[in-house]
Each structure stands twice: as C-alpha cells, then as structure tokens.
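Q: For reference, the structure I am asking about is given below.
The values are calculated or read from the model by the stated rules, or taken from the named source; none is laboratory data. Given the structure is predicted, the values throughout are model-derived calculations rather than measurements. Cβ placement follows ideal geometry from the backbone for every residue including glycine, while neighbour counts extend to all protein chains displayed.
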Amino acid sequence: MMARKSAMRYTSKVDSAGRVVIPAAIRDKFGVKPGDTVTITAAPSGRITVEPRLAVLKEAQDYFRGLAPERELWSEELIAERRREADREAED
C-alpha cells in the first residue's frame with residue numbers, strides 16, 4: 001500500500017485589492033521571496049493554484065525530458081547529422 005502525502009493547507013483572506021498572502025511556512029518551504037514571479041492557474045473545477053515560477057519551469061523540463069529517448073542526447077545526434085552532411089558536401 002502506498003503512503004499518501006498530506007498537503008499543507010492554510011487559509012488566507014483576499015483583501016480589497018484582490019491580494020492574498022501566501023503563508024510564511026509555504027514561502028519558506030518553496031523558496032518564494034518578495035518580488036518573485038508565481039504562476040496562477042484557474043482550473044475549470046474552480047480550483048486556483050499558485051506555483052513558484054521555478055516549479056513550473058521544472059515541470060516543463062521534466063515533461064520534455066520524458067520525450068527524449070533515454071541515454072541519447074539530441075545535441076550529439078544533431079552534431080553527428082551535421083558532420084555527415086558536411087562530409088557529403090565535401091565529397092561533391
């Protein structure tokens with residue numbers, strides 16, 4: 001049986017300017033500092049998610065890393081292809 005991680009859940013009020021305070025425990029845990037950029041996502045279900053920019057970037061990197069074949073660097077494949085093209089041009 002897999003153990004389920006419990007989410008940290010806090011409450012915060014929206015002020016008259018529409019601002020919400022992210023609790024210090026969450027800011028500290030995820031390294032969110034004043035002036036940092038966060039991504040706010042509104043799901044069709046009504047759920048609103050606030051994520052640090054670096055978390056969104058890591059998620060994108062993980063996604064694209066999953067597309068690449070294991071143990072193969074696309075950059076090395078591209079360089080090898082360019083070398084083959086150069087060899088063919090040199091032969092002509």
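Q: Against the condition surrounded by fewer than 10 Cβ atoms within 10 Å (Cβ to Cβ) and within 25 Å of the chain's Cα centre (by Cα), how does LYS5 come out, does it pass?
A: Working: surrounded by fewer than 10 Cβ atoms within 10 Å (Cβ to Cβ): yes; within 25 Å of the chain's Cα centre (by Cα): yes.
When the stated conditions are applied, LYS5 passes them.
Q: While we're here: Only one of these is at pLDDT below 85 and surrounded by 10 or more Cβ atoms within 10 Å (Cβ to Cβ): LEU73, LEU67. Name it. Outline the logic, then answer.
A: Details: LEU67 fails: surrounded by 10 or more Cβ atoms within 10 Å (Cβ to Cβ).
One residue alone meets the criteria, LEU73.
Q: Please find, within region 42-64, the residue that is modelled with the highest pLDDT out of those that are β-branched (Val, Ile, Thr) and more than 13 Å from the chain's Cα centre (by Cα).
A: Within region 42-64, the first condition is being β-branched (Val, Ile, Thr), and the residues that meet it are 48-50, 56.
From the residues that got through so far, the ones that are more than 13 Å from the chain's Cα centre (by Cα) too are 48-49.
Values: ILE48: 94, THR49: 90.
Only one residue tops the list, namely ILE48.
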